[in-house]
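The values are calculated or read from the model by the stated rules, or taken from the named source; none is laboratory data. On a predicted model such as this, the values are computed, not experimentally measured, just so you know. Glycine also receives a Cβ, built like all others from the backbone with ideal geometry; neighbour counts cover every protein chain displayed.
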Amino acid sequence: MSVRVNDKRRYNADGTPRSGPEPESETPATQESPGQSVPPDEVTQLRSELETARRRVDELARGLQEVMRDRDDFKQRIQRERERMIDVEKGQVAQSLIEAIDELDLTLAHDDGSPFAQGIRLIRDKLLQKLAASGIERLQLVGRPYDPNAAEAVDVELVSSPDKSERVLAEQQPAYALRGRVIRPGRVKVGRYLEPAKA
């Protein structure tokens, strides 16, 4: 039985050991010798290509950051618009409750302390609580400086003190606001001070 040996460096084709020095390993023609250097033009070109690639990566990174900022801004705008639409719907629904409270307030203007009046006051207070639970508050205007954004001045009264000038003296119809935005302006009486004529 013959054994075939494929290692041609140490054995002959028939399997007998080869005598003499081992042949040098073949070096690929394409392999560069250790001392060979890269031409300067090629180094310059590679550096230029690397710098161009770095600039391109920076541009892409900045573009990605801008896209992410735009996306976040868009999401925030959508959220704000959604909240505004919800507030508009709440305000429209609240108008009917506010009108009912106005009617109860008119009835309570002649409160005689009877059980009937107490029942009406209880109902009105419950409705005000429901509005407050929805984020709608009844503004307290009496005694405060007159704000045309919160109320309409339907009456003016001359006052003897400058401290009461341009302040709300009485409230004919209360104002309501939702998250700081007036959804129903009030109707008020405003004080006006005039300096006495000098003799």
> Which condition breaks for Gly135 when tested against (1) at positive phi; (2) modelled with pLDDT of 90 or more?
Replying inline: (2)
> Which of the residues belonging to the range 178-199 are among the aliphatic types (A, V, I, L, M) and surrounded by fewer than 18 Cβ atoms within 10 Å (Cβ to Cβ)?
Replying inline: Val182, Leu194, Ala197, Ala199
> Which of the residues spanning the range 95-129 are within 24 Å of Pro185 (Cβ to Cβ) and among the hydrophobic types (A, V, I, L, M, F, W, C)?
Replying inline: Leu97, Ile98, Ala100, Ile101, Leu104, Leu106, Leu108, Ala109, Leu127, Leu128
> Out of the range 149-177, which residues are small (Gly, Ala, Ser) and surrounded by fewer than 17 Cβ atoms within 10 Å (Cβ to Cβ)?
Replying inline: Ala153, Ser160, Ser161, Ser165, Ala170
>> Tell me the residue from Leu178, Leu141, Leu97, Leu169 that is within 36 Å of the chain's Cα centre (by Cα) and either aromatic (Phe, Trp, Tyr) or modelled with pLDDT of 90 or more (or both), please.
In response: Leu141
> Going through the range 102-115 one residue at a time, which ones are surrounded by 13 or more Cβ atoms within 10 Å (Cβ to Cβ) and either in a loop (DSSP other than H, G, I, E, B) or in contact (Cβ under 8 Å) with a residue 60 or more places away in the chain (or both)?
Replying inline: Asp102, Asp105
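Among the candidates Gly20, Gly91, single out the residue that is modelled with pLDDT under 85, assigned to a helix (DSSP H, G or I) and either more than 30 Å from Arg187 (Cβ to Cβ) or touching a strand residue (DSSP E or B) at 6+ places or on another chain (Cβ under 7 Å) (or both).
Checking each option against the conditions leaves just Gly91.
Within the range 131-199, considering only strands (runs of 3 or more DSSP E) that don't extend past its boundaries, which have at least 1 residues that are under 17 Å from Asp87 (Cα atoms) and either hydrophobic (A, V, I, L, M, F, W, C) or in contact with a strand residue (DSSP E or B) (Cβ under 8 Å, 6 or more places away or on another chain) (or both)?
The qualifying strands (runs of 3 or more DSSP E) are 136-139, 175-178, 181-184.
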